[in-house]
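The values are calculated or read from the model by the stated rules, or taken from the named source; none is laboratory data. A quick note: this is a predicted structure, and the numbers were derived from the prediction, not measured. Counting neighbours? That spans all protein chains shown, and the Cβs are built from the backbone with ideal geometry, glycine included. Heavy atoms of the whole protein, side chains included, go into the accessibility calculation; ligands, DNA and RNA do not. Shrake-Rupley method; radii C 1.70, N 1.55, O 1.52, S 1.80 Å.
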Amino acid sequence: MDRAIEQLHIDSYKKLLDIGSGIGGPVRYIVHKTKCHATAVELQPDLNSIGEHLTKRCGLQEYLTHICGDMENIDLGHNLFDSALTLLVLLHIPNPHRQKVIESVYKHLKPGAKWYLEEFTRIGEFTIEDKEILKDDVYCDPDSLYTTDEYREMFIQAGFTNIEITDMTDVWTEFVKERWEIAVDNKERCIAVHGEAVYKAQEYFNRKINKLFQHGKVGGAMMVVQKL
């Protein structure tokens with residue numbers, strides 16, 4: 001998240017929009033570190049409620065507002081935010097809804113504002129197993145996992161410019177491998193603290209994501225786009 005803070009030039013005077021915030025961990029870190037004012041939009045009511053509860057426990061409710069809603073059609077105000085953040089969210093949204101979400105973000109940003117994204121990308125033809133993992137474990141329609149060129153075209157269509165895309169595939173491939181290995185190495189401690197069911201779920205998911213990246217057809221990208 002320090003990279004996002006740097007790329008977006010976030011400070012205490014800025015308003016940040018977090019799209020698909022989940023329970024809000026990343027945006028809470030940013031708010032804690034910068035004291036910016038942020039709005040976290042999450043579609044799922046249960047995740048939004050947990051996020052709101054955790055924000056209050058952290059004493060950050062003065063800076064961070066949680067809203068349960070759909071970014072495709074929500075209206076928080078035009079030209080309102082200085083920057084936006086999205087982490088592994090667009091991959092879950094098929095078109096034409098994805099394009100509408102991108103256009104909605106554009107509408108909410110001030111002229112000159114930047115949007116920081118991290119997303120899975122397609123870098124080859126998926127195997128049958130790849131498609132099964134994407135559909136069943138990542139909750140991503142394999143046909144909706146786009147290449148970086150396809151993402152670039154969607155941003156351009158919505159009006160964004162100064163599109164910077166950094167390939168993170170090698171970094172993420174190593175990361176998910178290490179994450180799975182650490183989960184296995186810490187099996188006994190995880191079971192002792194959280195129970196066997198939690199360990200099995202964690203190990204299963206980490207193993208599947210590692211396998212997905214090891215197959216070499218799914219990559220990762222960091223993207224920064226700007227509204228002029």
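What figure in square angstrom, to the nearest 10, would you give for the accessible area of M168 with a 1.4 Å probe?
Rounded to the nearest 10, that gives 20 Å².
In the Gaussian network model of the chain, springs joining C-alpha atoms below 10 Å, which of I182, I163, I123 carries the largest mean-square fluctuation?
I182
When the helices in the chain are scored as -39500 (n - 2.57) per DSSP H run of 4 or longer and the sum is shared across all residues, what 222 nm value do you end up with, to the nearest 500 deg cm²/dmol? Can you show the working numbers first?
On the way: 9 runs with 106 residues, N = 228.
Only helices count here, giving -14500 deg cm²/dmol.
Between beta-carbons, use under 12 Å as the cut-off and find the net charge around M1, counting Lys and Arg +1, Asp and Glu -1. Write down the numbers at each step before the final one.
Details: positive: R3, R28, K33; negative: D2, E6, D18, E118.
Taking every other residue near M1 into account, the sum is -1.
Counting other Cβ atoms within 10 Å, keep those with at most 10, restrict to DSSP loop, and tell me which GluC sites (Glu not before Pro) in region 6-112 are left.
Working: sites: E6, E42, E52, E62, E72, E103; in loops: E62, E72.
Sites meeting the loop and neighbour criteria: E62.
Could you work out what % of the accessible surface of the chain is carbon and sulfur, using a 1.4 angstrom probe and leaving DNA, RNA and ligands out of the count? If you can, show how the numbers build up before the last one.
Numbers: 6000 of 11690 Å².
Solvent-exposed carbon and sulfur of the chain make up 51 percent of the total.
In whole Hz, what ³J(HN,Hα) sequence does region 178-189 give by Karplus (6.51, -1.76, 1.60; θ = phi - 60°), x for Gly and Pro?
These are the phi-based 3J(HN,Hα) values: 5, 4, 5, 4, 5, 4, 5, 5, 9, 3, 4, 5 Hz.
Check the straight Cα-Cα distances from K35 and name the lysines below 20 Å, setting aside those fewer than 8 residues away within the same chain.
K14, K15, K56, K110, K114
Give the accessible surface of region 1-150 per residue, rounded to a whole number of Å², with probe radius 1.4 Å and ligands, DNA and RNA excluded. All intermediate terms of the calculation are to be shown ahead of the outcome.
Values: 7260 Å² over 150 residues.
Heavy-atom accessible area per residue stands at 48 Å².
Going by Cα centres, region 39-104 and region 152-217 are how many Å apart?
Cα centroid to Cα centroid, the span is 22 Å.
With a sphere of radius 14 Å drawn around the Cβ of V198, what net charge do the other residues whose Cβ falls strictly inside it have (Lys, Arg +1; Asp, Glu -1)? Let's see the in-between values first.
Values: positive: K187, R189, K200; negative: E188, E196, E203.
Taking every Cβ under 14 Å from that of V198, the sum is 0.
Name the residue, out of G20, G77, G112, whose mean-square fluctuation peaks in a Gaussian network model built on the chain with Cα pairs under 10 Å.
Its mean-square fluctuation being the largest, the pick is G77.
Give, as a single signed number, the net charge of other residues whose beta carbon lies under 11 Å from the beta carbon of S12, with Lys and Arg counted +1 and Asp and Glu -1. Can you show the working numbers first?
On the way: positive: K14, K15, K33, K35; negative: D11.
With Lys, Arg at +1 and Asp, Glu at -1, the neighbours total +3.
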